[in-house]
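Below: one structure, written as structure tokens.
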Amino acid sequence: MIPQFLTADEVQLLVTEYDRAETAHAHDTAKNKNAMVALSCTPRWVRDKISNFLTQVNSQTNLSVNCVFPGVTYFDNRCVKYNWHQDHDTYYMWQNSYNFLNFWIPIVKPERDQSGICVIPFDVIMPQISQSVQQRLIGRGSKKFPLRGNKTIMRDDSVGDYTVLDINIEDIKQTPSMAAGDLLLMRGDVIHKTQDSLTPRVAVSIRACDADYALSKEVFYAQCVYKKLYVKNDAVAYRVFHENFATSDFVSIREMFKYWNES
């Protein structure tokens, strides 16, 4: 967690952007799944700030992340609350959650220790699960983790199966104390959930990835029932994937972004 990643003035700029988007979309759940508001364009100053920060990330870790997503997403806890999961849409679309970062920044958050986000650190969970489960978590996504007593069910919505974990992940969660403008930087495969809805909170999520990663047609169309329904219900967002994979077996994320922007 990085305190005051955004200045107060920068936070206010994003609050203004969110208010504009909220008014434009009016929380139309037919257009915005789970009533979250997605902007079509990441502000230039945000892209520049995060691109500069990625230089440090790449030099100090084994990650290779070189591209800020063209759009940002706002999560308003008055409208949406997530239980334990790895992200679905980003994994269905981009297929690699390892060289993938989520810059999660609250922009409205009146209480530091309420209404934030809970995470399961990899260094904590890894010693408590089998190697086969580790391999299904690292770099992956599209999972839910309902709790059953002192166990956790790992439901994999990419392949349509489940695995019982002999731990209750609530027991190993961490909940960073955060204020508006603080940054929680998460790799795309981190298990997380909404902390609570006790106070009003809006967070912006800005994603970054390895734009040279080659997306696979075979992987995209390897769809269990849940994934097939998920893609069908968000047909507009996935149209660009169908169109690209109609003529190519592999398409880089960079090419997909280019096609997306031209569509």
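Where a number appears in this text, it was derived from the coordinates with a stated rule and is not lab data. Remember, it's a predicted structure, so these values are computed and weren't measured experimentally. Note that we place each Cβ from the backbone using ideal geometry, even for glycine, and neighbour counts take in every protein chain shown.
Assorted remarks:
- The length gained by stretching the chain between S248 and I153 to full extension, at 0.36 nm per residue less their Cα-Cα distance, is 30.6 nm.
- FRET efficiency for E170 and Q114, using Cβ-Cβ distance with R0 set to 25 Å, rounded to 0.05: 0.90
- Proximal charge balance of S64 [Cβ under 9 Å; K/R count +1, D/E count -1]: -2
- Ranking F69, F145, V108 by Cα position along the charge dipole of the stretch 8-262, where only Lys, Arg, Asp and Glu carry charges on their C-beta atoms, puts F145 farthest toward the positive end.
- Dipole magnitude of the stretch 84-158, debye to nearest 20 (Cβ charges: Lys/Arg +1, Asp/Glu -1, about Cα centre): 240
- By the Stokes-Einstein formula, at 1.306 mPa s and 10 °C, the stretch 8-262 with its Kirkwood radius over alpha-carbon pairs has D equal to 83 µm²/s.
- In the stretch 8-262, taking the dipole from charged Cβ atoms about the Cα centre, the farthest positive-side position among M186, S197, Y162 is held by Y162.
- Computed [θ] at 222 nm, deg cm²/dmol, the chain (DSSP H ≥ 4; -39,500 (n - 2.57); rounded to nearest 500): -9500 deg cm²/dmol
- Estimated inter-spin distance, S132 and D212, nm [label 7 Å along Cα→Cβ]: 3.6
- Gyration tensor (alpha-carbon) shape descriptor, the stretch 33-147, a/c threshold 1.5: oblate
- Rounded to the nearest 20, the size of the Cβ-charge dipole of the stretch 8-262 about its Cα centre is 420 debye, with Lys and Arg at +1 and Asp and Glu at -1.
- Computed from the alpha carbon atoms alone, the convex hull of the stretch 79-206 holds 110 Å³ per residue.
- Placing unit charges on the Cβ atoms of the charged side chains and taking the dipole of the chain about its Cα centre, the candidate lying farthest along the positive direction among F53, F5, T42 is T42.
- Summed side-chain charge close to S142 - residues other than S142 whose Cβ falls under 9 Å, Lys, Arg +1, Asp, Glu -1: 0
- Gain in span if fully extended, D161 to T16, counting 0.36 nm per residue against the direct Cα distance: 48.0 nm
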